[in-house]
Each structure stands twice: as structure tokens, then as C-alpha cells.
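As C-alpha cells, the structure follows; a few thoughts come after it.
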Amino acid sequence: MKSNDLISPTSVFLVSGGAKGITAHCVIKIAEKYHCKFILFGRSSIDTTIPSWAVNDMDDVSVKKHILEDEKKQGTKPTPLQIQNIARSIKSQFEILNTLQAIKQAGGEAQYISVDVTDFA
């Protein structure tokens, strides 16, 4: 049996940290070749609603400006660290969603589950 016979469209891969970065790139390549299924584990949450003003490839300065405007409208004064954390979360959401879409476009299927594999509980 050849090694590529072991992977088929019914194969399911469990991938830790697979929705962003180099791991995501590898998963997308596997999806292109084998059209299989993936369960992606990551610490990032995808429960956060992306603000209506946010678009996929916004630069960091624009994202932070919008965050500050939104927070001011709500009567809060976020610290630079809070703004940075919100911006990081928004960018993370887009990266995860883009990976899931790329896997689908490549002919695979994917589900993302937010977990911390280092947390025993």
C-alpha cells in the first residue's frame, strides 16, 4: 500500500493550532490534494462578533482607530493594551475564517473548535 492510499476524502485529521500560520497553510495543501476533513483545535475564540466596520485586510492603524471610536461611543476609555487586544482578536477572527473558507474552496471540510490543549480540564 502506498502512503497516499492511506489518505482519502473520508479521512479526518485532528489538528492542533491548525487555523492560523504555517499549520493552516499545510492543512489547506492537504485539502487541495485529498479533499478530506479536518477538526482544527486552537486557543483563539471565534465566538466574538466581528464589528460591522471591520474588513478582512484592514491595516492595524485603521482597526485601532475604529476600536477607539467604538469604545468612545460606549463611554469607555480603553487603554492602549486593551485596544491592542481587541485588534488582535479581530485579526485572529479573520484569519480563522479565511482558513476555513480556503479549506472549503480546496475541496475539504473543516470545523474549528476553541480549546487549549495544554489545559488538562
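The values are calculated or read from the model by the stated rules, or taken from the named source; none is laboratory data. Everything quoted here is computed from the prediction, not taken from an experiment. Reconstructed Cβ throughout: ideal geometry from the backbone, glycine too, with neighbour counts over all protein chains shown. We work out accessible area using only protein heavy atoms, side chains counted, and drop any ligands, DNA or RNA first. Shrake-Rupley method; radii C 1.70, N 1.55, O 1.52, S 1.80 Å.
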### Message
On a 24 Å Cα-Cα criterion, which of the cross-link pairs K29/K91; K33/K104; K20/K72; K20/K104 come out too long?
### Response
K20/K72
#### Entry: Sequence-distant lysines (8 or more away, or on other chains) whose Cα lies within less than 20 Å of K77
K64, K65
### Task
Would you mind working out the magnitude of the charge dipole of the chain relative to its Cα centre, with +1 at each Lys and Arg C-beta and -1 at each Asp and Glu C-beta, to the nearest 20 Debye?
100 debye
#### Entry: Accessible-area ranking of S89, S52, largest first, probe 1.4 Å
S52, S89
### Summary
Karplus-derived 3J(HN,Hα) from phi for the stretch 85-90 (6.51 cos²θ - 1.76 cosθ + 1.60, θ = phi - 60°), whole Hz, x at Gly and Pro, runs 5, 5, 4, 4, 5, 4
### Task
Compute the Cα gyration tensor for the chain, then decide on rounded, prolate or oblate, letting a ≥ b ≥ c be the square roots of its eigenvalues: rounded whenever a/c is under 1.5, prolate when a/b is larger than b/c in the other cases, and oblate in all that remain.
prolate
### Message
At a threshold of 8 angstrom on Cα-Cα distance, excluding pairs fewer than six apart, so keeping six or more, what relative contact order does the stretch 11-121 reach in percent?
### Response
43 percent
### Query
Under a 1.4 Å probe, what is the accessible area of the chain per residue, stated in Å²?
67 Å²
